[in-house]
1. Quickly run through segment 362-380 and pick out the residues that are modelled with pLDDT of 95 or more and either out of contact with any Ser or Thr (no Cβ under 7 Å at 6 or more places or on another chain) or among the small types (Gly, Ala, Ser) (or both).
2. Looking only at residues in segment 261-290 that are in contact with a helix residue (DSSP H, G or I) (Cβ under 9 Å, 6 or more places away or on another chain), open to solvent by 30 Å² or more (accessible area, probe 1.4 Å) and without any contact (Cβ under 8 Å) to a residue 60 or more places away in the chain, which one is farthest from Ser239 (Cα to Cα)?
3. In segment 119-141, is there at least one residue being at positive phi and not hydroxyl-bearing (Ser, Thr, Tyr)?
4. Quickly run through segment 323-349 and pick out the residues that are within 23 Å of the chain's Cα centre (by Cα) and open to solvent by 40 Å² or more (accessible area, probe 1.4 Å).
5. Does Ser571 count as small (Gly, Ala, Ser), in a loop (DSSP other than H, G, I, E, B), open to solvent by 40 Å² or more (accessible area, probe 1.4 Å) and modelled with pLDDT of 95 or more?
6. Run Gln201 past the list (1) more than 24 Å from Met389 (Cα to Cα); (2) surrounded by fewer than 18 Cβ atoms within 10 Å (Cβ to Cβ); (3) in contact with a helix residue (DSSP H, G or I) (Cβ under 7 Å, 6 or more places away or on another chain); (4) without any contact (Cβ under 8 Å) to a residue 40 or more places away in the chain and report the number of the one that doesn't hold.
Amino acid sequence: MSSSLRHRPSSKEGPGLYDDAKSGNDFAKAPRLRRPNHILLLLLSLTLTSIVVVFRPTSNDLPASYAICSRDGNGIYTVDAQNTRVQCMVVRGATIIDTGSLDAIKTRWSDAVSESNPAGNDDLEVRYIQRGSIIVPGLSDSHAHMLEYGASRQLPLEGAKTIPAAVALVRRYIESEPDVVNDTSKYIEGWGWDHTSWPKQEFPTAADLEADSVVKGRPVVLQSKDGHALWVSEAVIRSMEPLPDSVEGGVIVRDDSGKPTGVLLDNAQELVEKPPLTEKDLLRRFKYVVQDGLANGLTSIHDAGFSPVSLAFFKSQAEQGNLPIRIYGMTYFEETADYWGDQSEMIINAGNGRLSARSVKIFADGALRSGGAALHEPYADNPDTRGFMRLSAEVLNDVIPRFLRDGWQVNVHAIGDRANGIVLDAFEAALKGVNVTALRPRLEHAQILTKADMTRVGQLGVIASIQPTHVISDMWFAEDRLGPERVKGLYAFRSIIDHGGRVALGTDFPVEDMNPMNTFYAAVTRVSPDGRSPHGPGGWFPEQRLTRVEALRGMTIDPAYASFTESTLGSLEHGKRADYVVLSQDIMVVSEKKILDTKVLATVLDGRPAFGNI
C-alpha cells in the first residue's frame with residue numbers, strides 16, 4: 001500500500017494495561033535438570049535447595065529460573081546465524097542462559113549446581129508449550145505509528161466503502177460520545193478513509209460532511225488510510241484562513257473555481273492546527289496500541305516519527321517504568337525548524353531497555369495511493385504529474401550527512417523511484433569512507449526502485465524497511481498507476497535481497513493491520529487472504545516472494561539489527577533478553593492457507609508473560 005505517515009502531534013496510551021489469556025499449555029514430569037557451567041556465577045546468587053523439577057498449573061507467577069520446552073521435539077526457532085531449532089530454553093530472570101535438548105540441559109544444569117554448591121540443591125521449574133505450538137523470538141514491527149494507531153481505534157473509517165458511509169460513521173461517533181454531541185466546537189478526529197476503494201475513486205469534500213445535519217458546522221479532521229491526506233470540514237478550512245496559494249511538498253486540493261475542496265495532501269496537512277493532546281488523550285491512545293500489540297505477539301515497535309509531544313510522553317513513561325513494550329523511536333525532522341542533530345541527546349535503552357530514540361525520520365516524497373510518490377516519469381493514470389518531492393535534493397544532501405556526522409541513524413521515507421534515487425545519491429555521498437554498520441541508514445518503504453538502485457541498496461549497506469502487507473493492498477491498482485514495466489520495480493523484495501540488501505519487515509500500522517501473521521503471510525505468498533491476486537492464485541509477481549526463513553528473520557533479528565539491538569534481542573541465544581512468543585501452530589511448515597489461522601498464546605518480555613500464560 002502507500003507508505004508511511006506524515007507524523008503530527010500524537011499520543012500513546014497507557015502503561016501496562018492489557019488482558020491475559022490462557023495458553024492451554026500442558027505439563028508433565030521430567031527428570032532432574034542441570035545448568036550449564038557458563039552460568040555458574042549466576043547460580044551463586046540463588047538459594048540452593050534440591051534438584052527437583054516442579055510442575056504446576058499454568059501461571060504467570062514464575063520463579064527466578066525456569067525452562068520452557070516443546071513436547072514435539074525442536075519446537076523453538078532460535079533464529080541464530082544457523083537458524084537452529086531446539087527443544088528447550090532456560091531463562092534466568094530476564095536472560096536466556098541455555099538452549100538445547102532436554103537431556104543436554106539436564107546434564108549441564110546438574111553439573112553447574114554441583115560445582116557451585118556440592119551440598120546444596122536447586123529447583124528448576126520446567127514448563128511445556130502445548131502440542132503443535134512453537135516458540136519464536138519476540139516479533140518486531142519495523143515501521144509503525146503508535147499514537148496514530150490509538151487515534152485510529154477511536155473513529156475507524158476503513159470499513160466505509162462510500163463517502164456517505166464514511167460520513168455516517170462520523171455521525172454515529174458524535175451521537176455516541178456524550179462530551180462531543182453537545183459541544184459543536186470539539187474537534188472530531190478519525191482515520192482510515194480510502195478513496196481508491198470507493199466506486200468513484202475521487203477525493204471526498206467538505207461539502208460531503210456539511211450535508212449531514214449532525215456533522216454540519218463541526219470541526220472534523222479525518223486522516224486517509226495511507227496517512228498522506230486529510231479530509232476536513234468547512235469549520236476547519238475557515239480556521240486555516242487565509243490559505244496560501246500553494247504549499248511546497250504538498251497540495252491544497254481545489255475545485256475549478258479555485259476554492260479549497262476540503263482535502264489536503266502531504267505537507268499541506270501541516271496547515272491544520274488541532275487542539276493539543278492532553279495526558280489523558282495520550283494514555284488512552286497508548287493503551288490501545290499496547291493491548292493490541294502484545295496480543296499480536298509484538299515485543300518491539302519502531303515508531304516512524306516521534307513529534308516533540310510523543311517523544312516527551314514516551315520519555316516520561318520510561319522514567320516511570322510504564323513501558324510494557326519496547327519502542328525504538330525515530331525523531332521527526334522538520335525542515336522549517338532549526339537543525340537539532342548536534343544539540344539533542346540520544347536516548348538509548350532507557351526504562352530498562354524499553355525505549356531508544358537515536359534516529360531521525362526524514363520525508364523525501366509522498367505516497368503512491370494519493371499520487372504523491374515522486375517518479376522519474378509521469379503516472380500512467382495521470383500523465384499530468386510525476387508526484388512531488390517533499391524535500392528538495394539540496395536539503396537532503398545538506399541534512400543527511402550532518403545527522404550522520406553527529407551519530408544519528410538516518411531513516412528516510414522514500415516511495416517513488418525518483419525519490420529513492422535522490423536519497424541513495426545523498427547516502428552514497430555521505431557514506432564515503434565511513435563505517436556503515438556504525439550508522440545503519442534506512443530507506444523507509446523503498447517501494448519503487450530501478451534495477452540500478454536495487455544494486456546500490458546492497459552495495460551501500462542501506463537497510464530497506466519494507467511492508468509486505470502493502471503489496472496485497474496495492475496490487476489491485478498498482479499497474480494502472482505505474483504501467484506494466486515500471487510496476488515490476490514495485491515491492492521487489494526478492495530482487496533487493498538478491499542484490500545484497502538487508503530488509504526489516506513492518507506494517508506501517510494503522511495504515512495496515514498490525515498483526516505480524518499478516519506480514520508473514522503477505523511476504524511468502526503475495527496473495528490476498530482469500531487466495532487471489534491480479535496474477536492468479538500463485539501470487540502477484542511470485543518471483544518476488546520471500547522464503548519463510550527470510551520472513552521470520554525479517555520480523556526478528558533483522559529489525560534488531562536495524563535498531564542496534566542485535567546483541568540483546570532478535571534471537572533466542574545465550575545471554576540475550578528472554579523476549580519470545582508462543583504461537584499456536586508452526587508457521588514454518590503449515591500450508592499457506594493456514595498461516596492466518598495462527599494465534600498468539602503468549603507474549604513474553606524479559607522472561608515474564610506480558611500477554612497470555614506459559
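The values are calculated or read from the model by the stated rules, or taken from the named source; none is laboratory data. Here the structure is a predicted model, which is why all the values come from computation and not from measurement. Cβ atoms come from the backbone with ideal geometry, glycine included; neighbour counts cover every protein chain shown. What goes into the accessible areas is simple: the full protein's heavy atoms, side chains included, and nothing from ligands, DNA or RNA. Shrake-Rupley method; radii C 1.70, N 1.55, O 1.52, S 1.80 Å.
1. If the condition is that a residue be modelled with pLDDT of 95 or more and either out of contact with any Ser or Thr (no Cβ under 7 Å at 6 or more places or on another chain) or among the small types (Gly, Ala, Ser) (or both), then Ile362, Phe363, Ala364, Asp365, Ala373, Ala374, Leu375, His376, Glu377, Ala380 are the ones that fit.
2. Out of the qualifying residues, it is Glu279.
3. Yes, some residue in segment 119-141 is at positive phi and not hydroxyl-bearing (Ser, Thr, Tyr).
4. Listed by number, the residues that qualify are Glu334, Met346, Ile348, Asn349.
5. No; evaluated as a whole, the condition is false for this residue.
6. (1)
The rows are residues; the columns are (1) in a helix (DSSP H, G or I); (2) closer than 30 Å to Asn613 by Cα; (3) not hydrophobic (A, V, I, L, M, F, W, C).
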residue	(1), (2), (3)
Ser239	yes, no, yes
Gly258	no, no, yes
Thr261	no, no, yes
Arg284	yes, yes, yes
Ser300	no, yes, yes
Gly305	no, no, yes
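Residues are listed down the side, and each one gets a yes or a no for (1) open to solvent by 40 Å² or more (accessible area, probe 1.4 Å); (2) at pLDDT below 90:
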| site | (1), (2) |
| --- | --- |
| Phe55 | yes, yes |
| Asp72 | yes, no |
| Met89 | no, no |
| Ile97 | no, no |
| Trp109 | no, yes |
| Ala112 | no, yes |
| Asp122 | no, yes |
